[in-house]
Amino acid sequence: MRKSWRNRNVDLELLAKCIGDFFKEKDFEAVKGKIANGYQILADDSPHFKLDGYVNVTIEGRPSNFVISLDLCGGKESGFKVSSWLMTMFGGGYFFLRKLKSQEDWVKFEKEFWRYVENSLPSLVNSAKSSPCGFEQ
């Protein structure tokens, strides 16, 4: 999912740190890095959210016009499809339930993440420093 903001003048590095704090609060193992047009955060292994994969957050753009993308990546899919009857016969129900739990936790995580971002942005408005010539950074 992607959301964009305009006319906020937000320091994107500060925003990335703030999102990193959210992952710390939820006990994720997270890594933040600078990319060509912003920042990327990869997070995994939270005891609060049993996700089938890792979370990828990218913050791209300029302080006045930026986009935050949130994705669940690298799901542990099996390489082959088996009929549901056969899966039930041989314990596949466990994998089905695990996948279902992962989807439920992802929906819950998304809601909490976007709520956190929306609640954090007002304190970050006008946090980006302007250059001496008046141009955007």
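What follows draws every value from the coordinates through simple rules; no lab data is involved. All figures in this text were calculated on a predicted structure; none of them were measured in a lab.
For the reader, a short list of remarks on this structure follows.
- Computed over the alpha-carbon pairs of segment 1-44, the distance histogram in 5 Å steps reads 5, 19, 27, 27, 16, 5, 1 percent, short to long.
- From phi via Karplus (6.51, -1.76, 1.60), per-residue ³J(HN,Hα) for segment 37-47 in Hz, x at Gly/Pro: 10, x, 9, 9, 10, 10, 9, 7, 6, 9, x
- Note, ³J(HN,Hα) from phi for segment 51-58, Karplus 6.51, -1.76, 1.60, rounded to Hz, x at Gly and Pro: 9, 8, x, 10, 8, 10, 10, 10
- A128 long-range amide H proximity, modeled H, under 5 Å: V10, D11
- Of all aspartates and glutamates in the structure, the ones whose alpha carbon falls short of 14 Å from that of K3, not counting any fewer than 8 places away in one chain, are E60, D71, E110, E118.
- Here the Karplus curve 6.51 cos²θ - 1.76 cosθ + 1.60, taken at θ = phi - 60°, turns the phi angles of segment 112-120 into couplings of 5, 4, 5, 5, 4, 4, 4, 6, 7 Hz, with x standing for Gly and Pro.
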